[in-house]
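The values are calculated or read from the model by the stated rules, or taken from the named source; none is laboratory data. Values in this document were obtained by computation on a predicted structure and should not be read as measured data. A quick note on method: Cβ atoms are made from the backbone with ideal geometry, for glycine too, and the neighbour counts reach across all protein chains shown.
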Ligand SMILES: Cc1cc2nc3c(=O)[nH]c(=O)nc-3n(C[C@H](O)[C@H](O)[C@H](O)COP(=O)(O)O)c2cc1C
């Protein structure tokens with residue numbers, strides 16, 4: 001998966017807020033685990049990976065390959081590209 005990189009001091013951001021800090025944007029499993037173990041975040045949200053993988057948690061738990069997201073179907077106004085990505089082992093319809 002493509003990982004976005006932005007010039008942000010995540011430690012400074014985390015330290016400036018006393019509540020639970022949820023990180024988001026460009027995280028995959030490895031980057032999320034790193035952020036959690038560094039203490040840079042308390043939890044991590046996944047957007048596009050979840051959109052393309054309805055069984056994302058299972059795939060991460062089992063270290064399975066992910067479906068690639070098709071950005072051409074983002075914001076399309078129909079269920080296509082939102083609810084029709086296959087679960088692991090299913091064929092794309
Ligand atoms: C197709 C699409 C639809 C989204 N819809 C919403 C939404 O309705 N509300 C929202 O707060 N964020 C929405 N987002 C943003 C995601 O929740 C998330 O913040 C963003 O994709 C960055 O996280 P990621 O790199 O894990 O995808 C949407 C993103 C995409 C690609």
- Message: Suppose the filter is within 21 Å of residue 82 (Cβ to Cβ) and within 14 Å of the chain's Cα centre (by Cα); does residue 32 pass it?
- Response: no
- Message: Condition (residue is part of a helix (DSSP H, G or I), surrounded by 15 or more Cβ atoms within 10 Å (Cβ to Cβ), touching a strand residue (DSSP E or B) at 6+ places or on another chain (Cβ under 9 Å) and without any contact (Cβ under 8 Å) to a residue 24 or more places away in the chain) applied to the range 13-24: is it met by at least one residue?
- Response: no
- Item | Options 20, 64, 56, 43: the member that is at pLDDT 90 or above and touching a helix residue (DSSP H, G or I) at 6+ places or on another chain (Cβ under 6 Å) | 56
- Note on the structure: For residue 91, the lone unmet condition from (1) within 12 Å of the ligand (Cβ to nearest atom); (2) modelled with pLDDT under 95 is (1)
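Table: residues versus (1) surrounded by 12 or more Cβ atoms within 10 Å (Cβ to Cβ); (2) free of Cβ contacts under 8 Å to residues at least 60 places away in the same chain; (3) in contact with a strand residue (DSSP E or B) (Cβ under 8 Å, 6 or more places away or on another chain).
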{"site": "44", "(1), (2), (3)": "yes, yes, yes"}
{"site": "49", "(1), (2), (3)": "yes, yes, no"}
{"site": "54", "(1), (2), (3)": "yes, yes, no"}
{"site": "64", "(1), (2), (3)": "yes, yes, no"}
{"site": "74", "(1), (2), (3)": "no, yes, no"}
{"site": "79", "(1), (2), (3)": "no, yes, no"}
{"site": "83", "(1), (2), (3)": "no, yes, no"}
{"site": "88", "(1), (2), (3)": "yes, yes, no"}
{"site": "91", "(1), (2), (3)": "no, yes, no"}
- Note on the structure: Going through the range 27-59 in order, the residues found to be in a helix (DSSP H, G or I) and within 13 Å of the ligand (Cβ to nearest atom) are 29, 31, 32, 35, 48, 49, 50, 51, 52, 56
